[in-house]
Amino acid sequence: MTASGTWPDRPIEPVLAPTDVKRQHYVSQFYLRRFTDPSGQLQTTDLQTGTSKLSGPRAEAMAIGFNNFELDGHVVSTEGWLGEVEAAAAPVLLSLANDPSCLLELPEADELAFARFLAAFRFRIPTFRTQVERTRAGMVNHARAIMENVVRNR
């Protein structure tokens, strides 16, 4: 990163903004559509109960306000930025679905769009958030134990 806060030839982009979008998907609908049957239905299975159902991509892998959070007393969201990342990656993913070997010949812009989509995909799922919270809680508990030992030993 340069002193001006940019990567060479790539500005740091704003990822937070207000949004009116309520239903926010942690797996994008365009991605889910690739797994639908000819009628547009997606078969999902609840891994805890083992029950399966058919539904549309709009109803799956989403939560109200999932990408929103509070910052300095304001609700902001990554929803708009994620939409931009998905829109840039959609044609690349379609090309890869039609011909996986084109991965080896992607133009740099498509390669970047695909990489950004994959990176964002990893960090936007509920499991990642659970893992981060578990790690944070463990670090806090560990720091608390260390401080208790320091106090006891004085």
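The values are calculated or read from the model by the stated rules, or taken from the named source; none is laboratory data. Just so we're clear, the structure is a prediction, and the values are computed from it rather than from any experiment. So basically every Cβ, Gly included, is an ideal-geometry build from the backbone, and we count neighbours across all protein chains shown.
So the values come out like this:
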{"item": "Candidates 112, 96, 54, filtered to the one that is among the aliphatic types (A, V, I, L, M) and not in a helix (DSSP H, G or I)", "result": "54"}
{"item": "Positions within the stretch 22-51 being among the β-branched types (Val, Ile, Thr) and not in a loop (DSSP other than H, G, I, E, B), in sequence order", "result": "44, 45"}
{"item": "Criterion violated by residue 72 - all others in (1) loosely packed, with under 13 Cβ neighbours inside 10 Å; (2) within 21 Å of residue 35 (Cβ to Cβ); (3) of a type in the set (Asp, Glu) satisfied", "result": "(2)"}
{"item": "Among the candidates 127, 135, 49, 78, residue that is in contact (Cβ under 8 Å) with a residue 60 or more places away in the chain and not aromatic (Phe, Trp, Tyr)", "result": "78"}
{"item": "Given (1) more than 14 Å from the chain's Cα centre (by Cα); (2) in a strand (DSSP E or B), number of the condition residue 63 does not satisfy", "result": "(1)"}
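Yes or no, residue by residue, for (1) surrounded by fewer than 12 Cβ atoms within 10 Å (Cβ to Cβ); (2) modelled with pLDDT of 95 or more:
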| position | (1), (2) |
| --- | --- |
| 5 | yes, no |
| 8 | yes, no |
| 13 | yes, no |
| 41 | no, yes |
| 47 | yes, no |
| 51 | yes, yes |
| 99 | yes, yes |
| 103 | no, no |
| 107 | yes, yes |
